[in-house]
Amino acid sequence: MTSPLDQGPTGSLPAGPRLVVGALIRDARDRVFIQRRSENRTLFPGCWDVVGGSVHPGENVLGALDREIEEETGWRLGRVLALLGRSTWNGNGEVHCELDFLVEVAGDLDAPRLEQDKHTEFSWIGPSEIGLLEENVARTGSAFIGEIVARAHEWLDRVPASRRRDITVTDPDGTRVLPDH
């Protein structure tokens, strides 16, 4: 079976579920960035979310991760520290295959440039603040965002800063890619 990570630099996607990426962005204090979706959004209106979105045709996973981070915050993808999870979910009558990554970014982390029509506020949360994400369960019945943010904090607690490495590799033509997982 082909993994979504097997796609080459051109991003040729197999037919099937819509491939989406999620970026769990950490700051220097090991907090994770979340943003609230606006009430006018079709999927998960008013819910807290991580940065992310669909992988476009012709785009690879890293390209989509970098584009989504830039579009939703104005920051740029730095290191990719871990693949935190793969999940499949249904929304708007479509099956989505989501890959969630713990990442570091470049930019002014105190001043994200939110997409005003899509997100209304943001927060940086530590492990003791994950309860904020219980709002999502009340709205949607899903604890997914809380669970993936908790997984990010578990990874950050388990792996000392001195041992955190970028999991991407550079292929022979100089393209930054993810190794097979």
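Throughout, read-outs are computed from the coordinates displayed, never taken from laboratory work. From a predicted model like this one, the values you see are computed outputs, not experimental measurements. Note that we place each Cβ from the backbone using ideal geometry, even for glycine, and neighbour counts take in every protein chain shown.
Report, by chain and number, residues whose modeled amide H sits under 5 Å from the one on Ala82, excluding near sequence neighbours (fewer than 5 apart, same chain).
Placed amide hydrogens put Leu102 under 5 Å from Ala82.
Taking the Cα centre of the range 1-154 as the origin and placing charges on Cβ (Lys, Arg +1; Asp, Glu -1), which of Ile34, Cys47, Leu19 is farthest toward the positive end of the dipole?
Leu19
How about the range 58-106: which trypsin sites (Lys or Arg not before Pro) there are in a DSSP loop, with at most 10 other Cβ atoms within 10 Å of their Cβ?
none
Could you give each residue of the range 137-152 its phi-based ³J(HN,Hα) in whole Hz, using Karplus coefficients 6.51, -1.76, 1.60 with θ = phi - 60°, and x for Gly or Pro?
For the range 137-152, the Karplus-derived couplings read 4, 5, 7, 10, x, 10, 9, 3, 4, x, 5, 6, 5, 4, 4, 4 Hz, x marking Gly and Pro.
Each label point is 7 Å from the Cα along the Cα-to-Cβ direction; what then is the distance between the points at Asp30 and Ser142, in nm?
About 2.8 nm, to one decimal.
Run the quick spin-label model on Thr88 and Glu154: label points 7 Å from Cα toward the beta carbon, then report their separation in nm to one decimal.
2.2 nm
Given labels modelled 7 Å from the Cα in the Cβ direction, how far is it in nm from Thr168 to Ala111?
Modelled inter-label distance: 2.5 nm.
As a test of the formula, what do you get for the chain when each DSSP H run with n ≥ 4 contributes -39,500 (n - 2.57) and the sum is divided by the residue count, at 222 nm and rounded to the nearest 500 deg cm²/dmol?
The per-residue figure over the chain is -6000 deg cm²/dmol.
When the Karplus curve 6.51 cos²θ - 1.76 cosθ + 1.60 is applied with θ = phi - 60°, which whole-Hz ³J(HN,Hα) does each residue of the range 80-85 get, with x for Gly and Pro?
Karplus values, whole Hz, x for Gly and Pro: 9, 8, 6, 8, 7, x.
Sequence-distant or interchain residues sharing an amide H contact under 5 Å with Gly91, placed H: which?
Under 5 Å from the amide H of Gly91 lie the amide H atoms of His96, each far enough along the sequence or on another chain.
From the Cα gyration tensor of the range 32-121, with a ≥ b ≥ c the square roots of its eigenvalues, which class applies: rounded if a/c is under 1.5, or else prolate if a/b is larger than b/c, or else oblate?
Oblate, since a/c reaches 1.5 and b/c is not below a/b.
Take the alpha carbon atoms of the range 142-166, find their center, do the same for the range 91-116, and report the distance between the two centers in whole angstrom.
About 15 Å separates the Cα centre of the range 142-166 from the one of the range 91-116.
Residues with beta-carbon under 13 Å from that of Arg176, excluding Arg176: net charge, scoring Lys, Arg +1 and Asp, Glu -1?
After counting each charged neighbour, the total is -2.
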